[in-house]
Amino acid sequence: MAVAAGALALTALAVPAAQADDVSGDTKISNVVVNGGKPVVVGATAAKNVTVTFTATDDSGIDWAQVILFHGPNVDKADSGAVANSKDGTAKCTKVDATTSKCTSTFTLEPRYNLINKVAGTWKVWAVAAAKDGDYLQKDNVKSFSVQRLSKLTTSAKPKPVKKGKTVTVSGKLSRANWESGKYSGYSGQAVKLQFRKKGTTTYKTLKTVKTNSTGALKTTVKSTADGYYRFSFAGTSNTPAVNAPGDLVRVTK
């Protein structure tokens, strides 16, 4: 239902045929930036507003411009997407000089509407700019960007305190936003680093790599050496951002 809603939003918009790039004249689109150049990370329930900025140029000046966000091979075959929040879906373009305009559009990505789990990953920006002399440029993908499911990671180290040289058991869980259930689900089969920072220092060092089980849980053991903080660290994937768990302090006694 969420994907259908996104697809309907795209097909309902009156835009030129979008199967391939098309250009007439000297119109150009450049400097496309999505979300300030950062991945778009969305939690389990809250909607996320995403701003896209770009430059449009033509020797006669820019009449109007529009961008659409979508997931899929092209905008016609998108399985989800978003049209700008403006009343007519076009960008707000501000004239810089006789040939150049700076344009901005804001979009909303929302779990269970235009976000379901399978559309996490690479999204694209479809764009069109129309000039005052009738020239235009249409591009199926002027920019690719990442839409990710927010990740969470925990660490618990026991016992506290522990005698020097004895075993410390470190457990935790890696989870990420489930856009369909509105909750956080365990992320299975992922390599996660166990790291240690000696008390009084600022740098974590990796002790070993552990894989999450079928529920996203982590559990491993190490020998205690000194007072310090244990944490798990996940490097991230294309559809899930990197995350470090807060360090858990374990004091060592003789």
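Points to keep in mind about this one:
- Verdict on G25 being free of Cβ contacts under 8 Å to residues at least 24 places away in the same chain and either closer than 20 Å to V147 by Cα or not assigned by TED's automatic domain parsing to the domain that holds Y184 (or both): no
- The residues of the stretch 183-194 that are of a type outside the set (D, E, K, R) and either in a loop (DSSP other than H, G, I, E, B) or surrounded by fewer than 21 Cβ atoms within 10 Å (Cβ to Cβ) (or both), listed by number, are Y184, S185, G186, Y187, S188, G189, Q190, A191.
- Q190 being at pLDDT 95 or above, under 24 Å from the mean Cα position of the chain (by Cα) and under 30 Å from G89 (Cα atoms): no
- Scan the stretch 212-254 for residues that are over 19 Å from L174 (Cβ atoms), surrounded by 14 or more Cβ atoms within 10 Å (Cβ to Cβ) and β-branched (V, I, T) and the total you get is 2.
- Given (1) in contact (Cβ under 8 Å) with a residue 24 or more places away in the chain; (2) within 16 Å of N244 (Cβ to Cβ); (3) surrounded by fewer than 17 Cβ atoms within 10 Å (Cβ to Cβ), number of the condition T209 does not satisfy: (1)
- Residue match in the stretch 73-85 (condition: modelled with pLDDT of 95 or more, among the hydroxyl-bearing types (S, T, Y) and over 30 Å from G186 (Cα atoms)): no
- Close pairs from the stretch 157-184: first farther than 26 Å from L249 by Cβ, partner of a type in the set (K, R), Cβ under 8 Å, at least 6 apart: R176/R149; R176/K152; A177/R149; N178/R149; W179/R112; W179/R149; E180/R112; G182/R112
- Residue in the stretch 93-109 that is under 26 Å from the mean Cα position of the chain (by Cα) and acidic (D, E) present: no
- Extreme residue, surrounded by the most Cβ atoms within 10 Å (Cβ to Cβ), among residues of the stretch 28-47 that are of a type in the set (S, T, N, Q) and touching a residue at least 40 places away in the same chain (Cβ under 8 Å): N35
- Residue that is among the basic types (K, R) and in contact with a Gly (Cβ under 7 Å, 6 or more places away or on another chain), where the choices are K198, K158, K163: K198
- Residues of the stretch 115-159 that are of a type in the set (G, A, S) and closer than 21 Å to N49 by Cα: A120, G121, A127, S144, S146, S151.
The values are calculated or read from the model by the stated rules, or taken from the named source; none is laboratory data. This is a predicted model, so every value here is computed, not measured. Glycine also receives a Cβ, built like all others from the backbone with ideal geometry; neighbour counts cover every protein chain displayed.
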